[in-house]
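What follows is calculated from the coordinates using simple rules that are stated; it is not laboratory data. Note that the structure is predicted; figures quoted are calculated from it, not measured. When we count neighbours, we look across all protein chains shown, and the Cβ atoms used for this are built from the backbone with ideal geometry, even at glycine.
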Amino acid sequence: MPDEEGRPVASVPVAVRCGSIPGRRAGKPRRDARTPTPVITTTARGAQPAMFTRIDHVGIAVHDLEKSISWYETTFGLTVASREVNEEQGVREAMLFVADSPAGGSYVQLLEPTRQDSPVGKFLARNGEGVHHIGYGVDDVENALASIGAQGVRLVDQRPRHGSMGASIAFLHPKDTGGVLTELVQAAKR
Ligand code: KFV
Ligand code: CO
């Protein structure tokens, strides 16, 4: 079918997914688990089907986790869904629930370094507090890593690691992703 300028347009992949779909769920229950809500996923012309299912979280580097949690609770009314210390990543962190969707929840992740030579410690020393990374939801983190790696993007993690709320996560190098540290997140099965 031609578009408005008469160019041929390939059929647009549309995925309609209903019912229970895995996602991070510690914050709030589904709005109505009995009512299936369609998720429409479209792709640009000629591109691969979309790999990301949602923005899982935005990671924000902070100096003082408790102070930052209070600020987000008071100012935006967000609630803490989980708190964890991840020694491997060198962070003390909290996930604050923002919104639900059929593909899973989305969160603000507040990150305080447990040591100065950690990724977040170094980031804070260089930039001060602010957005540290974006975490995108994926259905299968190993497949996503293989596909993105095959396109020449440098992988920080060749294999998934343990992430917050039981997720499997992997990072892509910010130097190959337009300066944005990018995390792939396969949420724990509910
Ligand atoms: N965003 C953009 N650029 C960044 C960056 C960031 N967050 N962190 C580092 N860079 C840039 C930095 O400005 C520098 O650029 C270069 O990367 C090397 O930085 O032009 P420049 O000045 O050369 P270094 O020397 O500070 O760091 P390096 O030791 O090379 O490590 C960089 C990298 C990306 C490999 C490291 O930060 C890393 O492994 N990050 C992934 C792990 C991580 O960030 N963990 C904390 C979050 S844990 C989490 O989110 C969890 C558990 N979860 O479930 O969601
Ligand atoms: Co993260």
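Points worth noting:
- Backbone N within segment 123-143 under 20 Å of label point (7 Å from residue 189 Cα along the Cβ vector): 137-143
- Distance in nm between pseudo-label sites at residue 177 and residue 155 (7 Å out along the Cβ direction from Cα): 1.3 nm
- Efficiency of FRET between residue 146 and residue 74 - r from beta-carbon atoms, R0 30 angstrom, step 0.05: 0.10
- Ordered by the count of other Cβ atoms within 10 Å of each Cβ, fewest first, 95, 51, 165 give 51, 165, 95.
- Difference of contour (0.36 nm per residue) and Cα-Cα distance, residue 127 to residue 55: 23.6 nm
- For segment 59-106, the square roots a ≥ b ≥ c of the C-alpha gyration tensor eigenvalues yield an a/c of 1.5 or more together with a/b not exceeding b/c, which makes the shape oblate.
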